[in-house]
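A.B. asks: Here it is, the structure, as structure tokens.
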């Protein structure tokens, strides 16, 4: 595995240390490698985290949310977000906040990406366009769906010698300045120790609904999850891309990293210890703390035009996050009425 590049930003009396991961796979690979080569101090902290996790499970505490896991191995192998049932509670409240924007969009004809055709091999081969003037040169077998598909594959793979009067048979979206601008979101995951596990579930749910809302209106969205901590004069942050602009949203992966207490209070803790060790720092037994506005302050340093979900520990707080982001987006892009 290629080791991630170290990034450091000094500001006043604070120092930001961060790592950027282009995928969840890269993030997990880094943590699994680094946790095996901790220095003595960080190793002691990780051993304490594992021991505490086992105790919380045995005592039936709601530290990891509900249902309570049965073992530490279950935490290590946890891959499905716990709070999908909460979507039914969050959606109606979010819908009420989003409806004013839906009405605006109904009145505004949004400019959509235009489909262009070319003869340069750019984009996707269009069998339908090629077939418009292909029938005279090549007999397409349409007697059964499988035969039609075989004919199509022969054309696409160029296994036949064919000619068509339609030269522009490749499709792509034209890039024009009048298209809707993209939006990049950052979510600060986790919570400090005094909060119950189930209170971590809301911020990712709200973000997932916001992404759906924007993409249905063809506004490209990229989503990054922040897993970070602060201690002494150091602020450390793992920046994990869970959705690129061109990719569909995997809501389970977004919610797992951003909002799942089982994930954050085990694998998330592992990532905080790993990044501290990677930068040559000894993380305290408390694992540091998540400070107020920590996500906003960090994102201003690396991507000031992006939007940030700070921690939201209730449906109402999550709705406020979505509303604020939409209002700020609309004010920054007055012609889009998003």
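A.B. asks: Listed highest first by mean packing, meaning other Cβ atoms within 10 Å per residue, what order do 257-265, 222-230, 210-218 come in?
C.D. replies: By packing density, highest mean first, the sequence is 257-265, 222-230, 210-218.
A.B. asks: When the label point is put 7 Å from the Cα of residue 233 along its Cα-to-beta-carbon vector, which residues of the stretch 1-25 have a backbone N closer than 17 Å?
C.D. replies: Taking a point 7 Å out along Cα→Cβ of residue 233, the residues of the stretch 1-25 whose backbone N falls under 17 Å are 8-18.
A.B. asks: Please give the FRET efficiency for residue 153 paired with residue 212, using the beta carbon to beta carbon distance and R0 = 41 Å, rounded to the nearest 0.05.
C.D. replies: Efficiency for this residue pair is about 0.75.
Every number in this text was worked out from the coordinates using simple rules, so none of it is lab data. These numbers come from a predicted model, not from an experiment. All Cβ positions, glycine included, derive from the backbone under ideal geometry; neighbour counts span all protein chains shown.
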